[in-house]
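Q: Starting off with a structure, shown below.
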Amino acid sequence: MQLEINGKEHNLYFGLDFIEELDNKYPIESNGAKFGMGINTALVYLNQGNPRILADLIHAATATANLRPGLSEIKRWVESQTDLESLFNEFLDELGKQPMTAGAVAKMKKAQEQAEAE
């Protein structure tokens, strides 16, 4: 997936560095142990239409880039978008195709389908 932010093309990479960035941003603590919940949190926020997650996803997905855009630059870009619904769907589709995140997306969709069927 590629995005143009301030006239620069940025390749988004959804590998282990991406997951690590999100896990560090969205941990939960249970019995004194911390667990990364980045992908799960991102999927919930995407489904809810929370635009804040878009900036976090883009920032995490550019973790390995030589010229990584800053978070404030990414936030301004997100705020300039006029069709956030399409952007949410594009991220959900992309995460569903990526080897490191496809399983989490499939589990989320299955849970949604089961909830709707009940």
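Q: Angle, helix 84-97 long axis vs. longest principal axis of the chain, Cα atoms, 0 to 90°, nearest 10?
A: Helix 84-97 and the main axis of the chain meet at about 70 degrees.
Q: Turning to a different aspect of this structure: Quick check on the exposure proxy: order MET100, MET108 from fewest to most C-beta atoms within 10 angstrom.
A: Ordered from fewest to most neighbouring Cβ atoms within 10 Å, MET100, MET108 come out as MET100, MET108.
Q: For helix 52-61, report the angle its Cα long axis makes with the longest principal axis of the Cα atoms of the chain; keep it between 0 and 90° and round to the nearest 10°.
A: Its long axis makes an angle of about 70 degrees.
Q: Assigning unit charges at the beta carbon (Lys, Arg +1; Asp, Glu -1) and nothing else, what dipole magnitude in debye, to the nearest 20, does the chain show about its Cα centre?
A: Dipole of the chain, to the nearest 20 debye: 260 debye.
Q: What number, in percent, do you get for the relative contact order of segment 2-117 if the mean sequence gap of Cα pairs under 8 Å and at least 6 apart is divided by its residue count?
A: The normalised contact order for segment 2-117 reaches 26 percent.
Q: Another question about this same structure. Test of understanding: ordering ARG68, ARG52 by Cβ neighbours within 10 Å, fewest first, what list do you get?
A: ARG52, ARG68
Q: Taking 0.36 nm per intervening residue step and subtracting the Cα-Cα distance, what contour gain separates LYS97 from LEU67 on full extension?
A: Value of the extension gain: 8.3 nm.
Q: Going by C-beta contacts inside 10 Å, put LEU87, LEU95 in order with the fewest on the left.
A: Fewest-to-most Cβ neighbours within 10 Å comes out as LEU87, LEU95.
We did not get these values from a lab; they are worked out from the coordinates using the rules stated. Keep in mind the model is a prediction, meaning the values are calculated, not measured. FYI the Cβ positions are ideal-geometry reconstructions off the backbone, even for glycines, and counts take in every protein chain you see.
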